[in-house]
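Before any comments, here is the structure.
The values are calculated or read from the model by the stated rules, or taken from the named source; none is laboratory data. In this text, all values refer to a predicted model and were calculated from it rather than measured experimentally. Cβ coordinates were reconstructed from backbone atoms using ideal geometry, including for glycine residues, and neighbour counts include every protein chain displayed.
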Amino acid sequence: MSTRQAEHPRPSHFLLHVSDTHLLAGGGRLYDRVAADRHLRELFEQFEASGGRPDAIVFTGDLADRGEPEAYELIRRIVDPVAARLGTRVIWVMGNHDERDAFRRGLLGDGIGGQRPVDRVDDVNGLRVITLDSTVPGRHHGELSGEQLDWLAEELAIPAPHGTILALHHPPVPSVLDLAVSVELRDQSALAEVVAGSDIRSIIAGHLHYSSTATFAGIPVSVASASCYTQDLTVPTGGTRGWDGARAFNLVHVYPTTVLHSVVPLGDHAALDVIDAEESARRLAADGIVIRDAVAAPAPAAASGTAPTDAERVHVVVPPSTLALRPSRLRP
């Protein structure tokens, strides 16, 4: 029997992308209705049932609704045991509802820096994840300072082995809800000048409370929905309406030639057909189809100012048996 290789190998990296948990101290309810902590627990219950093992869990901001220290303690109590069971790390990103000092102390174990932006670099098995703090204390719109952009440019000057994922709260994309313009990321062109032509393969964000995709400076952008409550995009044109439903999280699979973002709705939905892993493997074998393991690929040239193709952003794939968690690094 002849065999056929699948068009793509196994992914080299897998991230779980969660956003906008909006936890309250003491497990209080948002709008006296939304049990944000319960919804986050349900998210992890649903994900863990899949057997997935992400290389990192990335939270793109608004972790605490009011920036309360107790809310950060609560999210740690929920997330830490999950991360331990999955054998993975957690990458935290600041959102406009978060408070920098409490965020640093509660999530990073670092009170140093106080109100300085929480920017950092994480090396996830050769995939660089850069997190930018786009928040403005006391306000809800987003901004990135010249100092932050200079730091970002310095980090991007040397390509990472597998390229870079840029994570921030405020997405550099339009919003279909008019009122959201008041809380958008401002001066987006300045960020575009820095990231264009770099090894950034994807930008991930939150803030909007609905799933969305776009491109920015030639780079794909994926916005994760919220785990607490979401925005109803069927609201009459020009208005906004939040609702206690349509929650979701994203799966990010990094391949040699592309980055795939998949939206996973939350909820207990009736199963129509179930095929387990053993049966899937049997059917593929019967059809002579082989899915290759992640394979090595040549490293791209250094950034030249011309936006590379996604294939040119690819870097060396590390066999799963050699993967090791490496420390993160905060911007000074």
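Worth pointing out:
- Among the residues making up region 212-247, those that are farther than 23 Å from V194 by Cβ and aromatic (F, W, Y) are Y229, W243.
- Residues that are closer than 18 Å to D98 by Cβ and free of Cβ contacts under 8 Å to residues at least 60 places away in the same chain within region 28-49 comprise G28, D37, listed in sequence order.
- Flag if L107 is in a helix (DSSP H, G or I), in contact with a strand residue (DSSP E or B) (Cβ under 7 Å, 6 or more places away or on another chain) and more than 26 Å from S222 (Cβ to Cβ): no
- Hey, N125 within 24 Å of G52 (Cα to Cα) and in contact (Cβ under 8 Å) with a residue 60 or more places away in the chain or not: yes
- When the test is whether a residue is of a type in the set (G, A, S), farther than 19 Å from L16 by Cα and at pLDDT below 95, A190 does not pass it.
- Residue check, A226 without any contact (Cβ under 8 Å) to a residue 60 or more places away in the chain and either small (G, A, S) or farther than 30 Å from R186 by Cβ (or both): no
- Residues satisfying the stated conditions in region 7-44, i.e. closer than 19 Å to A83 by Cα and charged (D, E, K, R): D20, D37, R38, R41, E42
- Screening region 180-204 for residues that are β-branched (V, I, T) and touching a helix residue (DSSP H, G or I) at 6+ places or on another chain (Cβ under 9 Å) and picking the one that is surrounded by the fewest Cβ atoms within 10 Å (Cβ to Cβ) gives V194.
- Region 125-172 - residue that is of a type in the set (A, V, I, L, M) and either modelled with pLDDT under 95 or farther than 30 Å from R66 by Cα (or both) and, of those, nearest to the chain's Cα centre (by Cα): L127
- Strands (runs of 3 or more DSSP E) wholly inside region 112-201 that include at least 1 residues being of a type in the set (K, R) and in contact with a strand residue (DSSP E or B) (Cβ under 6 Å, 6 or more places away or on another chain): 120-124, 127-132
- If you go through region 122-143 and keep only what is aliphatic (A, V, I, L, M) and surrounded by fewer than 18 Cβ atoms within 10 Å (Cβ to Cβ), you end up with just V136.
- Extreme residue, surrounded by the fewest Cβ atoms within 10 Å (Cβ to Cβ), among residues of region 205-255 that are outside any loop (DSSP other than H, G, I, E, B) and among the small types (G, A, S): A214
- L266 being touching a helix residue (DSSP H, G or I) at 6+ places or on another chain (Cβ under 8 Å), modelled with pLDDT of 55 or more and under 30 Å from V121 (Cβ atoms): no
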